[in-house]
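Peer 1: I am attaching a structure below and will ask some questions about it afterwards.
Derivation of every value follows stated rules applied to the coordinates shown; laboratory data play no part. Keep in mind that this is a model prediction, so the values were computed, not measured. All Cβ positions, even for glycine, are placed from backbone atoms using ideal geometry, and neighbour counts span all protein chains on display.
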Amino acid sequence: MGENKLKMTEKELTERQLGRIIEMAWEDRTPFEAIDFQFGFPEKEVIKIMRGNLKESSFKLWRKRVNSNVSKKHLKKRSSEITRFKCYRQKAISGNKISKR
């Protein structure tokens with residue numbers, strides 16, 4: 001049987017959540033698996049979100065970067081020494097809000 005995950009749709013996202021997904025997708029160091037883990041959106045859905053919320057030229061630049069070897073958006077491309085989604089110095093993330101120092 002499949003996972004029993006609650007799936008959100010893009011329409012159910014708050015502006016803040018949508019902004020965070022776009023920010024995470026834009027960062028080269030954040031893998032798609034981290035976005036899926038935190039928000040429940042697999043890579044294909046993240047691509048749809050990015051396509052719908054970026055200018056066409058920005059989307060094309062992002063896709064080109066993601067598909068190059070510069071980006072580590074896929075866990076397969078990352079060093080096997082990296083086993084976490086966040087920096088060990090970063091405070092705990094709760095409710096998708098990064099705690100202030």
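Peer 1: Can you sort Arg20, Arg65 so the residue with the fewest Cβ neighbours within 10 Å comes first?
Peer 2: Arg65, Arg20
Peer 1: Also, I was wondering about something else. Going by how many other beta carbons lie within 10 Å of each one, how would you line up Lys11, Lys64, fewest first?
Peer 2: Arranged by neighbour count, lowest to highest, Lys11, Lys64 become Lys11, Lys64.
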